[in-house]
Amino acid sequence: MVLFMQLKHSLIAGEWYQGAQHFAVINPANAHVLEEVSEVDEEGVNQSLSAAKDAFVQLKNTSAAQRSQILYRWYELVIKEKESLAKLLTQEQGKPLKEALGEVEYAAGFILWFAEQAKRNYGEIIPANDDEHQLRTIKQGVGVVLGITPWNFPLAMITRKVAPAYAAGCSFLLKPSEQTPLSALALAKLALMAGMQKGVFQVLLTSDSAGLIKPLCENPDIRKLTFTGSTKVGATLLSQCAGTIKRTSMELGGNAPFIIFESANIDHAITGLMAAKFRNAGQTCVAANRILIQQNIEQTVLDGLQKQVAQLVVGDGLAEDVDIGPLITVEAKQKAQKLVDDAIAQGAQVVYEGKKLDGHFMAPVILKGVTADMKIAQQEVFAPVVSVMSFSDETQALSIANGVNEGLAAYFYSQDVSQIHRVSSALEYGMVGINEGMVSNPVAPFGGVKRSGLGREGAHQGLDEYLEIKYLCQKFD
Ligand code: SIN
């Protein structure tokens, strides 16, 4: 932990930049101030822009092999420091330590993947349509990138953007969530130690997100925006980027259906649902948000589910055996409770509700009789609430599942091979878990359709997001 003590300032051009104003980082488990960090000011932002532009030019003189080596070193340092990183993450974000350790490995997995992919940034030779030309393509880094990352995965959402950007030869300005800046600073410190050149990866701290981001989105020197967050904010950012025709990657909100068909293995479906619902206390974009259960097996599923949910331990993520940590803010808990109350007022029934808890803690709730017109089925709950809807047949299940504006992740459980083919193809989602409640993986493309976003992260597609294709037409001379 000593390595990460005293991290409280923005990182600009390889130096810690101290601003005059401060804001507090709160531990959501006890509402205590974990650290006071300094706000970046205008002078700092200007310095970071100029350092990022210089760094992009210098990166052009590095080879893919050199960048790959530095990414490998960064990966090794993250793994070496995994216990300290996980503890810091739990303290500022709240998730149980075992999940935080899982996130460190997940985050490191993106660095490792892109250390390998950096060396595979191939161009093409295009068979020419005459004998006078050679036609080929090369791929080059898009330029200076601005990244905006959320609080729910304070490490992994950063590495899955910064690692491919660096592999592609781009410099990166990061605005981490004001709720979880410490993990971002720790990652940046390790990147510096790994040998990432000054100005290549900079971190700008602010509690005034809109004030910092709007001018950056409008700045022509920034060639790409990558954002993970809500659909509403994503739409605003897209409009701010429109004037300078920036490349954008948007990983936005979800509203995942989790369908259990009568042909499913029910025990496996419950295990998958527990993972898809309760990871990070339900605070993930891919969390199962609407649980669709075929009518004739509904009671059996609910009985099995209730038994497992009743065993979940809610508490400070640093305590042993805790399964569900605090929600990020009291407002987040109030918002979720309001959705539950609204659903009950509209006719949903409570199947299970744990003891009411103080502070940021929310005990799990299971509701049944939820319908598509209820608010709880129309927005991300981001809390440990299981909203069960029932359906009679596959056509109705698909109509409910696809009947929303979002299309990030969907899950279904079935052992009927023909049904698996039909449903996989019919679901309007970017990612589908089939008899699996956990799809996230650095080697696979993460992203959504409809209002859930643009582009993909991870996988080989994740590198393309930071590359421009240049076509070279050479006449034999
Ligand atoms: C997210 O909630 O935005 C990301 C979740 C994941 O990568 O699994």
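Points worth noting:
- Pairs meeting the criteria (first residue in region 149-178 and farther than 25 Å from Gly44 by Cβ and modelled with pLDDT of 95 or more, second residue among the aliphatic types (A, V, I, L, M) and surrounded by 24 or more Cβ atoms within 10 Å (Cβ to Cβ), beta carbons under 6 Å, at least 6 apart or on different chains) are Ala156/Ala107; Ala167/Ala118.
- From Thr206, Thr244, Thr231, Thr236, residue being of a type in the set (Ser, Thr, Tyr) and without any contact (Cβ under 8 Å) to a residue 24 or more places away in the chain: Thr236
- When we screen Ala13, Ala31 for residues that are modelled with pLDDT of 95 or more, under 24 Å from Leu155 (Cα atoms) and over 25 Å from the mean Cα position of the chain (by Cα), the only hit is Ala13.
- Exactly one residue out of Ser392, Ser424, Ser418 is of a type outside the set (A, V, I, L, M, F, W, C), more than 12 Å from the ligand (Cβ to nearest atom), assigned by TED's automatic domain parsing to the domain that holds Gly272 and closer than 30 Å to Gly102 by Cβ, and it is Ser424.
- Sole exception among (1) closer than 30 Å to Val142 by Cβ; (2) in contact (Cβ under 8 Å) with a residue 24 or more places away in the chain; (3) within 16 Å of the ligand (Cβ to nearest atom); (4) more than 15 Å from the chain's Cα centre (by Cα) for Gly455, by number: (4)
- Residues satisfying the stated conditions in region 173-193, i.e. part of a strand (DSSP E or B), under 16 Å from the mean Cα position of the chain (by Cα) and among the hydrophobic types (A, V, I, L, M, F, W, C): Leu174
- Some residue of region 293-310 being surrounded by fewer than 22 Cβ atoms within 10 Å (Cβ to Cβ), at pLDDT 95 or above and either of a type in the set (Lys, Arg) or not assigned by TED's automatic domain parsing to the domain that holds Phe361 (or both): yes
- Some residue of region 213-229 being of a type in the set (Lys, Arg) and either touching a Cys at 6+ places or on another chain (Cβ under 7 Å) or under 17 Å from Thr149 (Cβ atoms) (or both): yes
- Every listed requirement among (1) in contact with a Lys or Arg (Cβ under 9 Å, 6 or more places away or on another chain); (2) within 16 Å of the ligand (Cβ to nearest atom); (3) not polar (S, T, N, Q) is met by Lys139 save one, (2).
- Inspection of region 262-274 finds no residue satisfying the criterion of being within 13 Å of the ligand (Cβ to nearest atom) and of a type outside the set (Asp, Glu).
The values are calculated or read from the model by the stated rules, or taken from the named source; none is laboratory data. Everything quoted here is computed from the prediction, not taken from an experiment. Every residue, glycine among them, receives a Cβ derived from its backbone with ideal geometry; neighbour counts consider all protein chains shown.
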